[in-house]
Amino acid sequence: MALPVLSLAELIRRKPPAVELCAYTPAGLTELLPGLAPGTITEITGARSSGRTALVQAALAAATQEGELCALVDGGSTFCPASGQAAGVVLDRLLWVQCGRHLQNALQAADMILHGGGFRVTVLDLCEFRAEELQRVPLSWWHRFRLAVENTPGMLLITAGQPVARQSATTQIQLAPRTAKWSGNLLRGLDLEASLRKPMRAETARLRAEAG
């Protein structure tokens, strides 16, 4: 039997009552961060193959495995559900919004989700957009997002090639790849370096992303 098609607004109206939120810190970042805190915006930046996807999937996996609802606004429509599931994401607890590389649609979807509430972790994936496109986004968007999450149990993670939310972001994490593990032509894992750029700290954390 075919599943009913629901609008994003209908899904938000059906959200469950709020429950207490834990702060989620993927393994390997605990010495660098106290946790991805509720009521804040965290930016995760870096070049391709820097570990952005692995870090986001780790946060989504931690939250959904605790029974929380999460949302992924997929600006470039690049999310692979099978890969996410292999990383531990509980797909039944993830709202996936594909935006087909339409930046305005991605911003509007994130805005609706954040103001609707009910999602512990909302990810806004802007990795497929060029820097010049993101620089043209009015600062009022990021300010609006910050006001939407402040004093709520939800949090917003923004992933992009470079920081975009500026003063509206509470935390900025910059990722860089160090070494790759190959099995023939298959990438089996990455050793990553994470630097906390906001608030600025001198130390870095080392992370390892392994293929399932």
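The values are calculated or read from the model by the stated rules, or taken from the named source; none is laboratory data. Since we're looking at a predicted model, the values are computed, not measured. FYI the Cβ positions are ideal-geometry reconstructions off the backbone, even for glycines, and counts take in every protein chain you see.
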Under 7 Å by Cβ, and 6 or more places apart or on different chains, what pairs join a residue from region 103-120 that is under 19 Å from Ala63 (Cα atoms) with one that is in a helix (DSSP H, G or I) and at pLDDT below 95?
Ile113/Ile12; Gly116/Ile12; Gly118/Ile12; Arg120/Ala63
Can you confirm whether Asp92 is of a type in the set (D, E, K, R), part of a helix (DSSP H, G or I) and under 21 Å from Thr42 (Cα atoms)?
no
Listed by first then second residue, the pairs whose first member lies in region 56-70 and is in contact (Cβ under 8 Å) with a residue 12 or more places away in the chain and assigned to a helix (DSSP H, G or I), whose partner is buried (at least 21 other Cβ atoms within 10 Å of the Cβ) and among the hydroxyl-bearing types (Ser, Thr, Tyr), with beta carbons under 6 Å and at least 6 positions apart or on separate chains, are Val56/Thr159; Ala59/Tyr24; Ala62/Tyr24; Ala63/Tyr24
Is at least one residue of region 71-80 assigned to a helix (DSSP H, G or I) and touching a residue at least 12 places away in the same chain (Cβ under 8 Å)?
no
Matching strands (runs of 3 or more DSSP E) fully within region 128-212 where at least 2 residues are under 27 Å from Gln85 (Cβ atoms), out of contact with any strand residue (DSSP E or B) (no Cβ under 8 Å at 6 or more places or on another chain) and at pLDDT below 75:
none
Do you know which residues across region 121-151 are of a type outside the set (A, V, I, L, M, F, W, C) and free of Cβ contacts under 8 Å to residues at least 40 places away in the same chain?
Arg130, Glu132, Glu133, Gln135, Arg136, Pro138, Ser140, His143, Arg144
